[in-house]
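Accompanying notes for the structure given below.
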Amino acid sequence: MDRPNLADAARRSVVPGEGESRTVPKVIYVGEAGDERAVDATVGESVMTTAVKNGVPGVIGECGGNASCATCHVWVREDFLPLVGTPNDTEEDLLDMGVADRREGSRLSCQIKMTEELDGLTVVVPADQY
Ligand code: FES
């Protein structure tokens, strides 16, 4: 008989609805020193908005999510890259011009909308944004 994975169950928050359950996705924000902070997200809200609402250091969101300031830059962990998709042309341009340390995985967190499938999304916040 399979035993439940308690670590996985503890990581997820399940909100029972009327006859159904939903996963509340978490975003894990990592500082460059390796410190981690897991935050409950709302499906449909951006990774930037989730950070700002929860006071995550280094994610400012100065332009309010209009892809014009780059103060929400993060590095998405490699295993999540296929899930978050690729930047559009506007985001590409701003990443090229407005980010000091662009790497594979660089994204504007305002352009990543949370879904249940992104539960556990892990992003590193560059130290120069603190
Ligand atoms: Fe300004 Fe993301 S909040 S580019």
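The values are calculated or read from the model by the stated rules, or taken from the named source; none is laboratory data. Please read all numbers here as calculations on a predicted model, not as lab measurements. Cβ: placed from backbone, ideal geometry, glycine included. Neighbour counts: every protein chain shown.
Being more than 27 Å from S21 (Cα to Cα), more than 10 Å from the ligand (Cβ to nearest atom), in contact (Cβ under 8 Å) with a residue 60 or more places away in the chain and of a type in the set (A, V, I, L, M, F, W, C) is the requirement here; does V43 meet it?
Details: more than 27 Å from S21 (Cα to Cα): no; more than 10 Å from the ligand (Cβ to nearest atom): yes; in contact (Cβ under 8 Å) with a residue 60 or more places away in the chain: yes; of a type in the set (A, V, I, L, M, F, W, C): yes.
Spelling it out, it is not the case that V43 is more than 27 Å from S21 (Cα to Cα), more than 10 Å from the ligand (Cβ to nearest atom), in contact (Cβ under 8 Å) with a residue 60 or more places away in the chain and of a type in the set (A, V, I, L, M, F, W, C).
Within segment 32-60, if we keep just the residues that are among the small types (G, A, S) and part of a loop (DSSP other than H, G, I, E, B), the residue that is surrounded by the most Cβ atoms within 10 Å (Cβ to Cβ) turns out to be A41.
So for segment 13-31 (the condition being within 16 Å of the ligand (Cβ to nearest atom) and either surrounded by 13 or more Cβ atoms within 10 Å (Cβ to Cβ) or at pLDDT 95 or above (or both)), does at least one residue qualify? Walk me through how you get there before you give the answer.
We begin by selecting, within segment 13-31, every residue within 16 Å of the ligand (Cβ to nearest atom); these are 27, 29.
If we keep only those that are either surrounded by 13 or more Cβ atoms within 10 Å (Cβ to Cβ) or at pLDDT 95 or above (or both) too, we end up with 27, 29.
Yes, the conditions are met somewhere in segment 13-31.
Assessment of segment 73-92 against the conditions (within 12 Å of the ligand (Cβ to nearest atom), in a helix (DSSP H, G or I) and not aliphatic (A, V, I, L, M)) yields at least one matching residue.
Considering only segment 69-90, I want to know if a residue exists there that is in contact (Cβ under 8 Å) with a residue 60 or more places away in the chain and touching a strand residue (DSSP E or B) at 6+ places or on another chain (Cβ under 9 Å).
First pass over segment 69-90, keeping only residues in contact (Cβ under 8 Å) with a residue 60 or more places away in the chain: none.
Within segment 69-90, not a single residue is in contact (Cβ under 8 Å) with a residue 60 or more places away in the chain and touching a strand residue (DSSP E or B) at 6+ places or on another chain (Cβ under 9 Å).
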